[in-house]
Amino acid sequence: MRISADGFVAGPQGEIDWLLKTMDEEAIAWLEDTLWQAGVHIMGSRTFQDMKNYWPTATNPLARPMNEIPKVVFSKQEPNELSAVTQTTQALKDAIRSDAEHGIKPLATQDLAGWMNVPVARGDLATEIQTLKSQEGKFILAHGGARFAQSLVAAGVVDEYRLLVHPVILGKGLPLFSTATAPVFLRLENSHTLKSGVIANTYVPVN
């Protein structure tokens, strides 16, 4: 997850323009390495729709792992209802606008293969996560959105936090850790300060 210095993953309306302004090639490389290490990407339904509308035509280095690595969507909706959702979120608008401002044009053709027939997990969150953990393979990487990430924190199912902390204070927005019901003590596994001022931290819960 990418968060502000004061712990928000997005602005009050889901804005992510602030994190796009503080990304650089080094941060993208860190993200790309993390993405390729994962065996499956999990996310909420709105994030899935955003990504399905963005990554198949994206040209940056993150597009390949985002398009190719298997995904699981967590949603109470039926699969046919999920595919019918077409709403555009502020995060998607911010990403498209940022690309346009930097002269980045989307591909003319879409790489949709990795976004079709994606399994939908609709059961109890902790049970669904445990089922995924019991399967062999590389680690499970959770993308968000904010409410989905908050639910993972509340359920206590996160084994490791990989956080890109951006040098910006939002003051208000969508927090990552507001659903924690008790203090969660963390061990810092590694930390790397990037040229942009972004800090890449990896934490492991110890309680």
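Derivation of every value follows stated rules applied to the coordinates shown; laboratory data play no part. What you see is a predicted model; the values in this text were computed from it and never measured. Backbone-built Cβ (ideal geometry, glycine too); neighbour counts: all protein chains shown.
Below is a table of values for the structure above.
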quantity	calculated
Distant-in-sequence amide H partners of D111 (H built 1.01 Å from N, under 5 Å)	T57
Under 5 Å, built H, 5+ apart or other chain: amide partners of T179	none
Unsatisfied cross-links (Cα-Cα over 21 Å) in the set K71/K172; K21/K93; K71/K133; K21/K105	K71/K172
Contact order normalised by residue count of the chain, Cα under 8 Å, 6+ apart, percent	33
Residue-by-residue Karplus 3J(HN,Hα) for region 189-197, coefficients 6.51, -1.76, 1.60, Hz, glycine and proline x	7, 7, 8, 9, 8, 8, 4, 6, x
Paramagnetic label zone (point 7 Å from Cα along Cα-to-C-beta, E160; backbone N under 15 Å) in region 182-198	187-192
Spatial extent of the chain: Rg and Dmax, with the Cα atoms as the point set, Å	16.5, 49
Mean ellipticity per residue at 222 nm, deg cm²/dmol - from DSSP H runs of n ≥ 4 across the chain, formula -39500 (n - 2.57)	-9500 deg cm²/dmol
